[in-house]
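Step one of this worksheet: look at the structure below.
The values are calculated or read from the model by the stated rules, or taken from the named source; none is laboratory data. Everything numeric here is computed off the predicted structure, so don't read it as measured data. Positions of Cβ are backbone-derived with ideal geometry, glycine not excepted, and every protein chain shown enters the neighbour counts. These accessible areas exclude ligands, DNA and RNA; they are computed on the full protein's heavy atoms, side chains included. Shrake-Rupley method; radii C 1.70, N 1.55, O 1.52, S 1.80 Å.
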Amino acid sequence: MTPGVDLRLALPAATAWLAAAVCCGLAPSTTVVVIVVVAVAMTAAASGRRLVVAAVCIGALLGAASAALHVAQLRSGPVAALARDAHPRADLVLTLVRDPTSRRDAHGRSYVLVDATVTKVGRHPARSPVLVIAHGGGWLDLLPGQRVRVNARLAPPRTGDDIAAVVLPRGRPVPVRQPPWWQRVAGVMRGRLRAACARLPPDERGLVPGLVVGDVSRMPPSLTDAFRVSGLTHLNAVSGENCAIVLATVGALLRRTPLRRGARIAVAAASLAAFVVLARPSPSVLRAATMGGAALLAMSVGRRAQPVPLLAAAVLLLVLTNPFLGRSVGFALSVVATAAIVLLASRWADLLSRRMPRWLALAVAVPAAAQVACTPLLVLVFGQATPWAVPANLLAAPAVGPATVAGIFTAVVAAVSPAMGALLAWTAALPAAWLALVARSMAALPGASARWPAGATGVGLLALVAGTVLVMYVAARRLSLRRAMLETWPR
């Protein structure tokens, strides 16, 4: 165990994550066999007082059990039955879970993707998550929490998908119930933020909403590619950094008020919850918000939160609540990057601070640790290696906080006064312009857009390159030490 780091909860969290990811692709009957085997191993480990093995087995048992329950629920009920039927067309009532998104197929035809929950099939109640693929109009103006009625054909999902069916509606959706008030407020704020940024230059117009609430609908495709190639995509996918900025800003404002500690913590928690609703609960946002909530809870009882147990608790809670998060690449990247920053960044900064100021060492170590940890996963899934990611993040770091804070204030002010919001948007546009410049400049450098083999082949090649670089570095260090010794040796 790493000295000074509490890893007791990390082991069961990691095995729960792994078990959930594997068992979500298995039949419930197969997962039951896995559960029995793990339970026997756990009993044997506990009786032999092998506590580490027992903790690993407990995590695997919890993850497998959660996956079995969720998969069984997806495969039961009227929605899954209709999807397996030969004539699966029905009248459905849907409740939207996320904002509809517009896409284009290989032939250039547009369609809309909607994550939703079926609450009624005909006259029968249901509760099944589905993916709606709509080619008609009337979807893009809907909000999360809104209920609509459609006539649709149902198709079975792929094995391992976290849905009960694919819904292919015919015609436009018919609204049945308005979304909750908080979703209407969030929808107004997102819309007003887009409107406030409408007069900004094209890059800033699309980037500011992306930095604040993850809305990248207006980002120019060339800028999206530049962010991906330069390793800055995480900036416009709302993540832990955004949640940390929100909590830090709210905390700084609350310190100037006469509120007591409990009231300040309650306001900070409410602000975090409001930001999650505004930015939408993506896997990375859920991970960061859960960690932030756990930290606030620890503060409320007078205890100092440790980052590794917080991360482990967040992973365990989220994976047990929704085991299909174990298969989410976004969730994996968020967790791996956070773990690397927590475990490696400080030590790397200590080493670098021997040759540079401490603040600069931290600025280099944080993106370097995150990039080193995430690169194998990026290569495995996407075949993407970003050689200029560390200098790009180093150059971008000073502008991220100001752009995000100014963008949040723009969204709040624009909801009340669109004219004032439009003026305030220019304060967010200035740091956003720097981020766009960094992304485009780094993407234009040699080797930035070079493709890498995906899958195990790419990871193996990456390990070979990394090992070669490490051997060359060690050899160069030894050679320089020998030369130094020869120069100082008495003649």
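At a glance:
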read-out: Any hit, the stretch 180-187, residues being farther than 24 Å from LEU131 by Cβ, open to solvent by less than 20 Å² (accessible area, probe 1.4 Å) and not hydroxyl-bearing (Ser, Thr, Tyr); value: no
read-out: Checklist (1) out of contact with any Ser or Thr (no Cβ under 8 Å at 6 or more places or on another chain); (2) farther than 30 Å from CYS374 by Cα applied to CYS197, failing item; value: (1)
read-out: Within the stretch 402-457, considering residues that are among the polar types (S, T, N, Q) and in contact with a helix residue (DSSP H, G or I) (Cβ under 6 Å, 6 or more places away or on another chain), the one nearest to GLY210 (Cα to Cα); value: THR404
read-out: Verdict on ALA13 being within 16 Å of LEU316 (Cβ to Cβ), surrounded by fewer than 22 Cβ atoms within 10 Å (Cβ to Cβ) and either of a type in the set (Asp, Glu) or touching a residue at least 60 places away in the same chain (Cβ under 8 Å) (or both); value: no
read-out: Given (1) within 30 Å of LEU343 (Cα to Cα); (2) surrounded by 15 or more Cβ atoms within 10 Å (Cβ to Cβ); (3) within 28 Å of the chain's Cα centre (by Cα), index of the condition ASP6 fails; value: (2)
read-out: Positions within the stretch 202-216 being open to solvent by 20 Å² or more (accessible area, probe 1.4 Å) and not in a loop (DSSP other than H, G, I, E, B), in sequence order; value: PRO202, ASP203, GLU204, ARG205
read-out: Residues that are closer than 19 Å to VAL150 by Cα, loosely packed, with under 14 Cβ neighbours inside 10 Å and modelled with pLDDT under 85, drawn from the stretch 85-119; value: ASP85, HIS87, ARG89
read-out: Filter pass, VAL32 being closer than 17 Å to ARG327 by Cβ and open to solvent by 70 Å² or more (accessible area, probe 1.4 Å); value: no
read-out: Residues satisfying the stated conditions in the stretch 442-460, i.e. free of Cβ contacts under 8 Å to residues at least 60 places away in the same chain and either open to solvent by less than 70 Å² (accessible area, probe 1.4 Å) or over 29 Å from ASN236 (Cα atoms) (or both); value: LEU445, THR457, GLY460
read-out: Failed condition for LEU26, given (1) closer than 20 Å to VAL319 by Cα; (2) assigned to a helix (DSSP H, G or I); (3) under 31 Å from the mean Cα position of the chain (by Cα); value: (2)
read-out: Test for VAL38: is it open to solvent by less than 40 Å² (accessible area, probe 1.4 Å), out of contact with any strand residue (DSSP E or B) (no Cβ under 7 Å at 6 or more places or on another chain), modelled with pLDDT of 90 or more and aliphatic (A, V, I, L, M); value: yes
read-out: Residues of the stretch 217-236 that turn out to be open to solvent by 20 Å² or more (accessible area, probe 1.4 Å), modelled with pLDDT of 85 or more and not in a helix (DSSP H, G or I), as a count; value: 2
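For every residue, the table says whether it meets (1) among the small types (Gly, Ala, Ser); (2) on the phi > 0 side of the Ramachandran plot; (3) in a loop (DSSP other than H, G, I, E, B).
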{"position": "ALA116", "(1), (2), (3)": "yes, no, no"}
{"position": "THR119", "(1), (2), (3)": "no, no, no"}
{"position": "PRO125", "(1), (2), (3)": "no, no, no"}
{"position": "LEU140", "(1), (2), (3)": "no, no, yes"}
{"position": "VAL148", "(1), (2), (3)": "no, no, no"}
{"position": "ASN151", "(1), (2), (3)": "no, no, no"}
{"position": "PRO157", "(1), (2), (3)": "no, no, yes"}
{"position": "ILE163", "(1), (2), (3)": "no, no, yes"}
{"position": "ARG170", "(1), (2), (3)": "no, no, no"}
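Each row is one residue, and each column tells you yes or no for (1) farther than 30 Å from ALA83 by Cβ; (2) not acidic (Asp, Glu).
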{"position": "PRO144", "(1), (2)": "no, yes"}
{"position": "PRO156", "(1), (2)": "no, yes"}
{"position": "ALA165", "(1), (2)": "no, yes"}
{"position": "PRO180", "(1), (2)": "no, yes"}
{"position": "ALA198", "(1), (2)": "yes, yes"}
{"position": "VAL208", "(1), (2)": "yes, yes"}
{"position": "ASP215", "(1), (2)": "yes, no"}
{"position": "MET219", "(1), (2)": "yes, yes"}
{"position": "LEU235", "(1), (2)": "yes, yes"}
